[in-house]
C-alpha cells in the first residue's frame, strides 16, 4: 500500500470533485450524501438510506446474502471491476484528530448539529481527503475489513464513491461517457445520481446509456454496455419510451436487478437461477433485430434484412436475401415483422424460463416501508446462501401464456417488471405492493 504524492493527489481529487459536483456544491445536497453504510435494525441484512440521493451507490452494493464482512466483499468487487491492477481508496486525513475520535465524531457520537465542526463545509471535507494505492483487490478488502467503522461513518458512502472514481480514473470516466460536455455525476438541483454514475457502480464503466454496445444516433456513436453485467437494471423510463434497456442489463449473470423510478433506486432479486440462464440463439436474434429497431416497433425496414442476417452470421448473399425479403414481406409493404422473422429463422425452442417463481424486493428508504422500517412484513425468503436467513418483501410470480400485457399506470411496480417480463403477473404478500420511491 502506498500513498500518492501530494501534487498528484490534489490534482486527482480536484478532478473528482469537479466531475461529481460541477462548479458548485450545494450544502443541502452534500449533507444528504453524507451518509454511512448502515444496516437496518429491523432487517439486519438490508442497508438503510436516511435521505434521497445516494441510492445510486447503496443499491448496487446490495446483495441478498449481505452482512458486514460481505458488504466489504461487495464493495471490493465494485472497485475490482473499475480498476486494472490499480485500486485507490480515498480516506480522511486523521491528522485532524486521533483516528478513533474522528470515527466517533463521524458516527454521530459527539454531534449535535450535523457534521463535526472541522468538516462542516464541503470545502473543509475535500481538504482532508487522501488516497491509498493498492495493487491487489484482496489488499483493498483487507483494508476495508480493518477499517469498517469508516464505512459506517458520516462520510462512508462519499469516501467509497470517490474511491470508485479514483480507481476508474478521470480519463477512464471521460472516455466511457459519450458526451463531450459531461454533466456532473450528481444532479446539482435534486441531488440524484446520474445514469453514468449508476452504470459506473454496476458495471465499472461510466457509460451514458443502458442499451447494448454502441448505437449510431444521427451519426453519433453513443456507448452503452460492452458486455453482460453482474447484476441487472430495469427502469420505469423504458415504459415511458425515454430509453431502451438492452439485453445485457435485463439478463445479468445473477438474478439481481436495480429498479429505477424517476426519483429512486431499489433492488429486486430471486433465488431462481433460471431467470438469468445463458442467452439462447433466440434471445440473441431478438436482441440483434431490436438493434435495427430503435423505436421498439417490432418491425424493421425490409431494406435492413441483409444487415440483420449478416449480424447474426446467417446466409446474407444478395440473391438469398431477395428471396427471403419477398417471403417475409409478401404484400410488399416495405417492413418485416419480428414475429415473422423469428418464425422463419428461429422456430420456437424450449424456453428455460420458469413459469412460476418468487421475487423479493428491497427499498432502503425507511419512510417507504411499513411503519418506517426496512422490513418484509411476515414473508420470509429462505436463501441457502452462506448462513443467513434473509427476509424481504416477497412476491409470487406467474408468466402468462399471452404476450398481451395488462398496463396499469397506477401500479408502477408491475409496469417496471413488465419491461423485463411483458406477461408477468405478481401477487405480493399481505404487506401489499412495495414502493419504488
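The values are calculated or read from the model by the stated rules, or taken from the named source; none is laboratory data. Computed from a predicted structure; not experimentally measured. Please note: Cβ atoms are built from the backbone with ideal geometry, for glycine as well, and neighbour counts cover all protein chains shown.
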Seminar exercise, completed: Pairing a residue in the stretch 298-313 that is without any contact (Cβ under 8 Å) to a residue 12 or more places away in the chain with any residue that is surrounded by fewer than 19 Cβ atoms within 10 Å (Cβ to Cβ) and outside any helix (DSSP H, G or I), where Cβ atoms lie under 6 Å and the two sit 6 or more apart in sequence or on different chains, gives 310/316
Exercise. What number of residues in the stretch 225-253 are closer than 17 Å to residue 194 by Cα and in contact (Cβ under 8 Å) with a residue 24 or more places away in the chain?
Worked result: 12
Problem set entry | Identity of the residue in the stretch 32-44, farther than 18 Å from residue 79 by Cβ and in contact with a helix residue (DSSP H, G or I) (Cβ under 9 Å, 6 or more places away or on another chain), that ends up modelled with the lowest pLDDT | 42
Exercise. How many residues does the stretch 335-360 contain that are part of a loop (DSSP other than H, G, I, E, B) and either at pLDDT 95 or above or surrounded by 17 or more Cβ atoms within 10 Å (Cβ to Cβ) (or both)?
Worked result: 1
For this session: Quickly run through the stretch 33-51 and pick out the residues that are under 21 Å from the mean Cα position of the chain (by Cα) and surrounded by fewer than 18 Cβ atoms within 10 Å (Cβ to Cβ).
Result: 39, 50, 51
Problem set entry | Any chance residue 209 is free of Cβ contacts under 8 Å to residues at least 12 places away in the same chain, in a loop (DSSP other than H, G, I, E, B) and in contact with a strand residue (DSSP E or B) (Cβ under 9 Å, 6 or more places away or on another chain) | no
Seminar exercise, completed: For residue 9, the lone unmet condition from (1) at pLDDT below 80; (2) in contact with a helix residue (DSSP H, G or I) (Cβ under 8 Å, 6 or more places away or on another chain); (3) under 14 Å from residue 163 (Cα atoms) is (2)
Exercise. Within the stretch 212-240, how many residues turn out to be closer than 20 Å to residue 280 by Cα and part of a loop (DSSP other than H, G, I, E, B)?
Worked result: 7
